[in-house]
Ligand SMILES: [Zn+2]
């Protein structure tokens, strides 16, 4: 562990910035930020918050690193992709080299109705690093219910958008978008493509807002829906107006996404030609035993966190929580039957 003098040297330029100062730095040290989704936006957020010295970072991600991520997901290296490390683990490894004075909690998990409230528990701020509106509504419900500030962000092509949500003080995501905007449901980030500069812009604004919230400088928040297009050279700030009194989430407190039924559920993954199957109850799988069982049926590779099994045109990646990402199909029924055939019910 480094001494305090090293610490103050590390943060000296940030402490010289008067709006943070010594007191703000201490507040950052005592803070906990939760990043949901460690892809492009989440990578940039995690790196910036780690360098800024936010004391505890919880990184939640369901996926593993692939070569197609490296163009924009700045936390990851070629060796992470070659080893197929879970993003939450690869991110924690790199943060350990950037700032060993902070604490990182890796959660290899799909944020859903069953775990979101636990994942954001005791967070001082939650940052959106996801790529879909379903998960954003889930974060919105959980954060409004538990009175946690959160920062929405999205990027596609050269366009990006961000907004800071403070329960009871500002409109929530559902006040602004009662339903997922069509542009966000299709095309998705994967099918439409995305360039890294817009990721940097959106993440930079999200992180600035997080630092303002954590240091208590609320008057400096941008208080808008901010939109950018780095290719068309456009920048826009739209006022948020008032909270909607009939908003199901922040007006009526209905939190519908938290009350989903608890059956096993399957989801087609954002432009990946893959389906994710999650078990109905929390489970833990013996990957070694599963690997020996599957070895006769196809090619098996494993690391400490996941197992990959290839059979014909399909590839199943199985995590310790019995969740599986099944590549080679967009069809939920096909994925379900592969899951029950090779992994179990
Ligand atoms: Zn609302």
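Values in this text are rule-based calculations from the coordinates and carry no lab data. Computed from a predicted model, the values in this text were never measured in an experiment. Cβ atoms come from the backbone with ideal geometry, glycine included; neighbour counts cover every protein chain shown.
Values computed for the structure shown
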| quantity | calculated |
| --- | --- |
| Sequence of 273, 222 once ranked by neighbouring C-beta atoms within 10 Å, starting from the fewest | 273, 222 |
| Counting DSSP beta bridges with both ends in the chain, the antiparallel % (nearest 5) | 70 |
| Helix 332-342 axis, angle to the chain major axis (alpha carbon atoms, nearest 10°) | 60 |
| Relative contact order %, the chain, counting alpha carbon pairs below 8 Å whose residues are six or more apart | 14 |
| Degrees separating the helix 133-145 axis from the principal Cα axis of the chain, which is the longest one | 50 |
| Residue order, fewest to most surrounding Cβ atoms within 10 angstrom, among 59, 277 | 277, 59 |
| Fluctuation leader among 302, 18, 155 - the chain, Gaussian network, Cα springs under 10 angstrom | 18 |
| Crossing angle, helix 87-98 versus the chain [Cα axis fit, 0-90 degrees, rounded to tens] | 50 |
| Burial ranking of peptide ranges 124-133, 111-120, 320-329 (average Cβ count within 10 Å, highest at the top) | 124-133, 320-329, 111-120 |
| Residue order, fewest to most beta carbons within 10 Å, for 41, 287, 211, 307 | 287, 307, 211, 41 |
| CD proxy at 222 nm, helix term only [per DSSP H run n ≥ 4: -39500 (n - 2.57); per residue of the chain; nearest 500] | -9500 deg cm²/dmol |
| Shape call, the range 66-217: gyration tensor on alpha carbons, a/c limit 1.5 | oblate |
